[in-house]
Amino acid sequence: MIQFQVEGMSCGHCVGAITRAVQALDPAAKVSADIPAQAVTVEATASGQALREAIEAAGYPVKGSTQAAG
């Protein structure tokens with residue numbers, strides 16, 4: 001699992017757009033979001049770089065990422 005710090009994520013629509021972008025890359029990906037913390041956790045087989053690029057292509061700059069336990 002990878003956790004991304006995503007800039008500009010402020011509502012459910014944002015979470016949906018990010019989820020769709022990630023799942024377009026990896027349809028089996030599991031995405032969870034913490035809007036107040038602007039954090040997105042992704043469990044996927046795609047690389048962290050590919051996931052980051054998908055999120056950014058959806059219009060949400062990624063400020064950083066960390067490997068999440070679990």
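Rule-based calculations on the coordinates, nothing more; no lab input. Please read these numbers as outputs of a predicted model, since none were measured by experiment. Ideal geometry is used to build each Cβ from the backbone, glycine not excepted, and the neighbour counts take in all protein chains shown.
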HIS13 to THR45: extension gain in nm, 0.36 nm per residue of separation minus the Cα-Cα distance?
9.1 nm
Using 7 Å Cα-to-Cβ label points, what is the LYS63/ALA28 separation (nm, one decimal)?
3.3
State to the nearest 20 debye the size of the charge dipole of the chain about its Cα centre, where the only charges are +1 on K and R beta carbons and -1 on D and E beta carbons.
40
